[in-house]
Each structure stands twice: as structure tokens, then as C-alpha cells.
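The values are calculated or read from the model by the stated rules, or taken from the named source; none is laboratory data. Here the structure is a predicted model, which means the values were calculated and not measured. Backbone-built Cβ (ideal geometry, glycine too); neighbour counts: all protein chains shown. Note: accessible area is taken over every heavy atom of the protein model, side chains too, but ligands, DNA and RNA are not part of it. Shrake-Rupley method; radii C 1.70, N 1.55, O 1.52, S 1.80 Å.
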Amino acid sequence: MRESVLTGETMDLDNLHLYWQLIDQEFQAIDGLPSLEARHVLSARAFDQSQVAGSRTYIEVNRYLGVARDNHQALLALLEHHGATLWAPWSLLRPTFETAFYAAWILDPDDGRERRTRGLRCEVNDYYQQRNHRAAFKAFPEAAKLIVEREQWDATHGSLKTYREEAAALGRRWNEVQQRVNVVQELPKLTFVKDQRESAPLLEAMWRLLSGYEHGLGWALMNGSKRRVEAEIPGGSFVNFTINDEAFVNAAKATYFLLLSACRLLRRRHLKPIR
């Protein structure tokens, strides 16, 4: 495989610049949200944060949106300074899509207890991923004992004990709270996705395409690229690949649809009264 080279072609991004403008506006609006304490507004967020798992719910949402924002800005810089190569632009869309989904998924329910349950569920999943990372070091005898002691302490005095108590206070079974979130299953259930009949299958298709790129899969490259045969060789062809403008724009618009929806949900929960 050859190193990527500049083709001199200009990528057709359709009206993607309008999405970028909207995203900038949404993040500026989030940055400018008023303090709830100063305004004494009984909004959905204020109500959530006064109850069990409420604060952690919005910490989760803000982190997810921060990840999406960072990757989105990195994508813009990549397109401007590095160019639209075969893999990297897609790999920046993937975390933007995923974290925008999680932020929207947490905030979507009108029921505050369900929002707080989802926030707790995401944090519990975060905790287990950290524990899995730490468990890898059990292979080293000098670390194994310390890791086991930490896990036992967490279960009786630390984070895990707190999470279990919060789950009980929310009236949720622990097995439910520690269950991982299935993006494909939950995407079609989002309120703003159900309102548009064709959105769910399109979002699922884009999620699978972005995941294929993230894992370096050949089918994703074939779906998201234009191909030109440069020479016939014994047993096959020498093919030149370039990014498919239309495929990339479609994936980007699906991603930004989720991101804009998540940002607007956060503003609504912050400013609007509970129902």
C-alpha cells in the first residue's frame, strides 16, 4: 500500500458548512447558559440536580459533548491542513457520533428519574471499563494484591457501594443499571428519531459504517471511497482510492443531526421547567 498523496481535487462538501455554523452557535449558546443558582429557575436540570444521581448525570452529558466538540474541531483542522484522506476523517466522525448519541440518550426522556438513571448507568459503565483496565495489571504479582484490595474497598466503602445505593434510591435493579448501552437498539427509541420515520435505519447504517472505518475494515473503505483502476496486474488490479464526497457528507450530516439534537436537549433541560 502506498503513502497517501494529494490529488489536487477539491472535496465537494455540499452544504456541510451550514451544519458547522449551527454547531458553533449551539456550543456558544451552551457556553453562555446562565447559572441555575443565580437565577433560581426550576428547570428540569435544576430539579434533576437536586436529587439522587442528578449532578453526575449532567457531568456525564457535559463530558460527552466536550468529546464530540473536540473531535469535531479536530476534523475541521484535519480537512483544512491535512486533507480528506481515506481513514482519518471518518475516525474523527466516529467518536463525535457516539458521544453525541450518549448525551442525547441521557437527556431524551421527559421523566427526570429516567434521565438520572441513564446518567448513573453511563457512569457505572465508565467505572467497569476503568476496572477492566486496572485488572490487566493483575498479571504483575506486585500489583495484583493492591488491585484486589482496591476492588474490595470500592465494593464496601467506595464508588461501587455509592452506585448501588443510588440505584436502589432510584428504584432500579442493579442488573439493569450495570447493563451496557446498545447504541443500535437505543437509537430508534430517541424521541427526535422516532419523529422522522426514515431516520432510524439511516442512523444505524451510518453508525455501522463509521464503526467499520474505526476498526479498519475493508468493506467500509469500499463503501466510502471512489475507486479508479490504474493498471491490471497478474491476479488483480492496481486501484487508486479517494474518499467518496457524497458518502462522507451523508455520514457527517447524520452525526451532526445527533450532535445538534443533543445540544438543544441540554439547553432545553437547563432552561425549561419540568413537565
Item checked: Flag if residue 165 is at pLDDT 95 or above, surrounded by fewer than 17 Cβ atoms within 10 Å (Cβ to Cβ), part of a helix (DSSP H, G or I) and out of contact with any helix residue (DSSP H, G or I) (no Cβ under 6 Å at 6 or more places or on another chain) -> yes
Notebook entry, point to check: Restricting the search to segment 152-161, which residues are part of a helix (DSSP H, G or I) and loosely packed, with under 14 Cβ neighbours inside 10 Å?
Noted result: 152, 153, 155, 156, 161
Note to self: Checking residue 242 against (1) more than 30 Å from residue 109 (Cα to Cα); (2) surrounded by 14 or more Cβ atoms within 10 Å (Cβ to Cβ); (3) at pLDDT 95 or above: exactly one of these is not met. Which one?
What the structure shows: (3)
Next item on the list: May I ask you to say which residue of 37, 60 is among the charged types (D, E, K, R) and at pLDDT below 95?
Entry: 37
Item checked: Subset of segment 16-42 (residues that are closer than 15 Å to residue 255 by Cα and open to solvent by less than 50 Å² (accessible area, probe 1.4 Å)) -> 16, 20, 23, 26
Notebook entry, point to check: Within the set of pairs 6+ apart or on separate chains, which have a first residue in segment 24-41 that is more than 21 Å from residue 258 (Cα to Cα), a second that is of a type in the set (A, V, I, L, M) and exposed (fewer than 12 other Cβ atoms within 10 Å of the Cβ), and C-beta atoms under 8 Å apart?
Noted result: none
Item checked: Residue list for segment 257-275, filter: in a helix (DSSP H, G or I) and of a type in the set (A, V, I, L, M, F, W, C) -> 257, 258, 259, 260, 262, 263, 265, 266, 271
Notebook entry, point to check: Counting only residues that are in a loop (DSSP other than H, G, I, E, B) and touching an Asp or Glu at 6+ places or on another chain (Cβ under 6 Å), how many does segment 14-67 have?
Noted result: 2
Next item on the list: Working carefully through the options 194, 272, 253, find the one that is of a type outside the set (Phe, Trp, Tyr), more than 30 Å from residue 40 (Cβ to Cβ), surrounded by fewer than 14 Cβ atoms within 10 Å (Cβ to Cβ) and modelled with pLDDT of 90 or more.
Entry: 194
Margin query: So residue 70 passes all but one of these: (1) assigned to a helix (DSSP H, G or I); (2) within 30 Å of residue 166 (Cα to Cα); (3) open to solvent by 60 Å² or more (accessible area, probe 1.4 Å). Which condition number does it fail?
Written below: (2)
Next item on the list: State the number of residues belonging to segment 39-65 that are out of contact with any His (no Cβ under 9 Å at 6 or more places or on another chain), within 22 Å of residue 101 (Cα to Cα) and not β-branched (Val, Ile, Thr).
Entry: 11
Next item on the list: Scan segment 181-194 and give yes if some residue there is in a helix (DSSP H, G or I), under 23 Å from the mean Cα position of the chain (by Cα) and of a type in the set (Phe, Trp, Tyr), otherwise no.
Entry: yes
Check: What residue, among those in segment 99-133 that are within 19 Å of residue 191 (Cβ to Cβ) and among the acidic types (Asp, Glu), is least open to solvent (accessible area, probe 1.4 Å)?
Finding: 108
Checklist line | The listed residue being touching a strand residue (DSSP E or B) at 6+ places or on another chain (Cβ under 8 Å), open to solvent by 30 Å² or more (accessible area, probe 1.4 Å) and of a type in the set (A, V, I, L, M, F, W, C), out of 88, 84, 136 | finding: 84
